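Notes to accompany the following structure.
Values in this text are rule-based calculations from the coordinates and carry no lab data. Values in this document were obtained by computation on a predicted structure and should not be read as measured data. Every residue, glycine as well, gets a Cβ built from its backbone with ideal geometry; the counts of neighbours run over all protein chains shown.
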């Protein structure tokens, strides 16, 4: 037994891109004829044109166009917008397949045990969750070091167990979620060269109560990191809004999600 799921997209509350319509579009692209495409899918000629008309009417730009004239009397083609749509749908399909694979790995379908599905929708208390690309993985017997590139181009290291690498099916080039607690960050007003696992940014916001200070630091490419420190530490650093700071995070405190 295995889990399967079709990917359907809606627009304006109506079915827009269904699996069979995507197959039809690819067939039109290949054959250049709605007649030949409908036979390849297969579906009736009438149903094929109804599907095309529906997609074109819901779409902000035409997806399929009918060409007239020429030695063969014209034909049916996919527009440039339609080409982009097929490309983006393929990307969504790939992510959808990864989700189903992950769901299958967490779920004991044979015994009907679905309790672990809740993990997929789990909300984490860790304030900092940002995307990164896996540059490389250095594996050892117990732990592995994962080198990550953030959208800003800055680099972080994460040390997780080798088992976690295998469970997440981590590979170089994967996009992952980098997770760390706001209390796991050490700050310095000076950009020190010898700090391990450092990020640089500018303080965009400061919030405070009687004991703690919350700093929001812009590290570039629309990524912001939150650090909570004691008032005593902040006073010692003399950090103010707009100032450049360095963030240091131990590699063991950097968790990964996929």
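Some notes on this structure:
- Spin-label model distance (nm) - residue 258 vs residue 133, 7 Å beyond Cα toward Cβ: 1.6 nm
- The radius of gyration of the Cα set in the stretch 9-105, together with its Dmax, comes out at 14.7, 55 angstrom.
- Placing dummy labels 7 Å off each Cα toward the beta-carbon, the span from residue 54 to residue 92 is 1.5 nm.
- Nitroxide proxy distance, nm - points 7 Å out along Cα→Cβ at residue 240 and residue 161: 4.8 nm
- Ranking of 23, 178 by count of other Cβ atoms within 10 Å, fewest first: 23, 178
- Between residue 104 and residue 171, the FRET efficiency from the beta-carbon distance, with R0 = 22 Å, is close to 0.75.
- The stretch 125-179 - Debye-derived log10 I(q)/I(0), Cα point model, q = 0.13, 0.17, 0.29 Å⁻¹: -0.29, -0.50, -1.22
- Ordering 16, 180, 99 by the number of other Cβ atoms within 10 Å of each residue's own Cβ, fewest first, gives 99, 16, 180.
- Computed from the Cβ-Cβ distance with R0 of 25 Å, the FRET efficiency linking residue 206 to residue 251 stands at 0.40.
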